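Encoded as structure tokens, here's the structure I'll be asking about.
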Amino acid sequence: MSADFTQQAVDNLVTQFSSALDFYRELVQNSIDAGSSQVEIWLDFLPDEGGGTNGVIEIHVDDFGDGMNEEIIDSQLTTLFSSTKENDLTKIGKFGIGFVSVFAIGPRGVLVQTGRDGEYWEVFFDKDRSFFKSPLDHTVEGTQITLFLEGDRARYSQLVNESRVTIDHWCRHSEAEISFEDRASIDAELEIINKPFSVAGACHTHFTSEGTELVLAYNHAPLWGFYNRGLALAVVRGTNDLVPDRFAHIAFRMKSRYLEHTLSRETVMRDANYEKALARAEQAASGPLREALITALEGLVTVVVGTPKQGRTPAVPGRRWTMAERGRYFELMGYLAREDPEALDDLLGRPILVTLDGKAMTLGQVREATANDDRLFIDDQLTRLSERLIAQGTPVILAASTHELGGFGASAQGEDELGDGDDGPDLGGLDGQDPVVRVLANCLAGSFVTTNRLQRAINQVTGRLESSAWIEAVELIARPAEVLVAVHPIEPLAKGGLGEDDDAAHALVDLAQDIVLRSIGSGSGAVRRLFAKVRGRAPKIGYRRLVAAHMTGRAGEPEPLFVVAHEVAPLMAKPTPERLVSAHEGQPEAAINVDHPHFRALMRMAGQAPLMAGYCLAKSLLLAANRNLDLDAELMRAAMSTTR
């Protein structure tokens with residue numbers, strides 16, 4: 001190898017580092033590889049003896065490892081690319097170029113003093129990287145490296161500050177104890193750089209597996225760190241190509257003996273070991289971290305619900321959340337909302353929801369309730385409407401208020417390498433979306449408004465699109481004031497009705513139900529519904545009972561022609577656009593709005609052509625939104641055969 005080629009190679013190595021102070025990482029790495037349990041880094045300033053502004057800046061990196069004898073100095077320290085670490089997973093540096101990094105800062109000289117096997121040597125490197133080796137007449141434990149730079153007090157102070165930041169970034173989780181000291185300052189104290197191997201966020205979880213140690217936490221602005229023996233290989237946040245999107249709401253630090261840095265020292269080597277380490281992170285995130293999240297949610301729900309007496313342990317009554325507890329609940333739900341929706345299938349029995357009347361509720365119960373009512377109600381506080389719903393046995397689930405949606409996360413900050421950051425409450429990074437609604441929609445879309453095997457089979461055979469299922473699920477979730485109408489059933493005059501108009505309305509509704517029953521009965525059975533779905537046809541869905549009623553709802557908004565539920569109740573929800581009749585197993589009931597303009601027009605028709613009016617009302621109930629269009633002829637035959 002020619003001298004010019006060697007010089008160019010060394011120059012390239014010196015300039016490859018993103019920061020001139022990255023040599024700290026390289027020297028600490030070499031110290032750890034040498035078996036040192038402690039590394040002392042200290043800086044000093046020697047003023048110019050002639051009174052000039054510039055002096056000598058000394059940077060010392062001292063360790064207490066194995067040190068070097070003459071053979072090691074000649075074959076490794078002063079020989080480019082020479083290394084004995086090539087196939088040793090206990091050594092971090094694999095390329096034999098770490099020491100070259102000391103020249104990136106432009107020192108006037110570098111002094112290495114070291115000892116091993118009873119030999120003690122010093123090697124002085126000039127600024128042009130030529131060197132002189134000589135024996136020492138005193139003992140040296142380990143290896144002591146000193147960089148000599150020229151500069152004034154201002155540059156010295158700048159180097160002290162930047163050195164502290166750099167060492168903290170790369171070495172804060174080092175296996176060896178790293179100390180830092182500014183010996184030129186009278187009031188400076190010895191600092192220990194090492195910090196606990198931890199990460200900021202919620203549900204902090206520690207995980208170990210096959211030479212890999214992980215700490216994880218949910219965080220809306222996560223930081224991800226990759227380490228070998230505690231030294232940072234890469235620390236990133238925000239958009240990057242190193243961490244999969246799966247961890248967009250999960251911060252982690254990963255320490256693994258399998259991870260290596262690239263030749264340029266800029267990032268982690270993307271190899272099979274890197275993929276293996278990420279698989280460990282996924283295992284931890286989907287296992288113990290998610291379990292910690294669910295356990296924390298259950299704990300908060302227990303605060304509201306209370307606990308029953310168990311043996312000698314007295315019962316604990318439930319209580320209202322504090323503002324902090326309420327905020328934490330929505331924050332945790334926000335993180336759950338960003339998890340894989342399919343994961344919710346394994347959580348159906350866990351009580352992570354709380355109703356406005358202080359009861360626990362599981363996601364499995366949510367699916368059942370939605371299948372029954374074709375609606376799922378949420379609200380942020382008790383209202384007269386929600387109280388009436390609860391009184392009639394309809395659950396109302398606690399959700400965030402508009403104020404909470406806009407306020408959480410405003411002051412939350414991510415972690416940085418100089419501190420633990422502000423882990424204030426937020427909505428799990430959902431940007432103002434209600435986390436409870438998101439979780440509920442993910443749950444319903446996962447196995448849409450059903451818990452039975454039949455519907456699962458239908459979804460698989462028909463290939464329901466996940467996006468459309470999710471949108472449909474969202475449409476089922478509403479606040480009571482947005483969708484509820486009060487239903488006031490009327491009776492015919494003979495049973496206490498208030499007048500002939502009510503009597504005529506009741507008669508028209510009875511006629512429509514008779515036509516429905518004559519045409520299709522009370523609806524298709526389970527097997528027939530399955531075959532109808534497979535053939536791309538809407539199943540025949542009838543009504544168990546039709547009830548004439550007056551309706552009142554939100555002021556200024558028109559009320560629907562009819563509302564549907566598993567049974568008529570004082571409060572019922574307006575039908576969603578894509579689900580104008582309920583598709584749940586068993587037959588629904590419908591309340592008909594006798595004050596609706598369409599119904600009033602049919603009432604006038606009934607005076608002259610009652611069968612036609614009954615047919616038209618039945619058609620409106622069954623054929624809305626182009627459902628069951630093939631039943632039109634059957635409805636007409638049923639109307640013609642009715643003797644009224």
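Report whether or not Asn194 is buried (at least 22 other Cβ atoms within 10 Å of the Cβ) and among the polar types (S, T, N, Q).
Numbers: buried (at least 22 other Cβ atoms within 10 Å of the Cβ): no; among the polar types (S, T, N, Q): yes.
Taking the combined requirement at face value, the residue does not satisfy it.
Can you pull out every residue in segment 124-164 that is under 39 Å from the mean Cα position of the chain (by Cα) and exposed (fewer than 13 other Cβ atoms within 10 Å of the Cβ)?
Answer for segment 124-164, where residues must be under 39 Å from the mean Cα position of the chain (by Cα) and exposed (fewer than 13 other Cβ atoms within 10 Å of the Cβ): just Asn161.
Restricting the first residue to segment 293-320 and requiring it to be without any contact (Cβ under 8 Å) to a residue 24 or more places away in the chain, which pairs with a second residue that is assigned to a loop (DSSP other than H, G, I, E, B) and of a type in the set (Asp, Glu) meet a Cβ separation below 8 Å and a spacing of at least six or different chains?
none
May I ask you to list the residues in segment 189-203 that are assigned to a strand (DSSP E or B) and touching a residue at least 60 places away in the same chain (Cβ under 8 Å)? Walk me through how you get there before you give the answer.
Keep residues of segment 189-203 that are assigned to a strand (DSSP E or B), which gives 191-192, 202-203.
Those that are assigned to a strand (DSSP E or B) and touching a residue at least 60 places away in the same chain (Cβ under 8 Å): Ala202, Cys203.
Please return the ranges of helices (runs of 4 or more DSSP H) entirely within segment 465-559 where 3 or more residues are at pLDDT 80 or above. It would help to see each step written out before you state the result.
Values: elements: 466-475, 480-483, 500-520, 526-534.
Per the criteria, 466-475, 480-483, 500-520.
Hey, another quick one. Looking at Glu266, Glu260, can you tell me which residue is among the acidic types (Asp, Glu), more than 20 Å from Phe197 (Cβ to Cβ) and in the same structural domain as Thr212 (by TED's automatic domain parsing)? Before you say what the answer is, go through the steps one by one.
Working: Glu260 fails: more than 20 Å from Phe197 (Cβ to Cβ).
It is Glu266.
Go through segment 23-62 residue by residue and tally those that are within 22 Å of Asp182 (Cβ to Cβ), out of contact with any strand residue (DSSP E or B) (no Cβ under 9 Å at 6 or more places or on another chain) and part of a helix (DSSP H, G or I).
Final tally of qualifying residues: 1.
A further question follows. When you check Ala296 against the structure, is it farther than 21 Å from Ala202 by Cα and at pLDDT 95 or above, yes or no?
Details: farther than 21 Å from Ala202 by Cα: no; at pLDDT 95 or above: yes.
Against the criterion (farther than 21 Å from Ala202 by Cα and at pLDDT 95 or above), Ala296 does not qualify.
Looking at (1) loosely packed, with under 15 Cβ neighbours inside 10 Å; (2) modelled with pLDDT of 85 or more; (3) of a type outside the set (D, E, K, R); (4) out of contact with any helix residue (DSSP H, G or I) (no Cβ under 7 Å at 6 or more places or on another chain), which is the only condition His598 fails?
Failed condition: (4).
Now a separate question. For segment 358-372, state whether one or more residues are assigned to a strand (DSSP E or B) and surrounded by fewer than 18 Cβ atoms within 10 Å (Cβ to Cβ).
Of segment 358-372, the ones assigned to a strand (DSSP E or B) are 360-362.
Narrowing the set further to residues that are surrounded by fewer than 18 Cβ atoms within 10 Å (Cβ to Cβ) leaves 362.
Scanning segment 358-372, I find at least one residue that is assigned to a strand (DSSP E or B) and surrounded by fewer than 18 Cβ atoms within 10 Å (Cβ to Cβ), so the answer is yes.
The values are calculated or read from the model by the stated rules, or taken from the named source; none is laboratory data. Keep in mind it's a predicted model, so treat the numbers as computed, not measured. Note: ideal-geometry Cβ built from the backbone for every residue, glycine included; neighbour counts use all protein chains shown.
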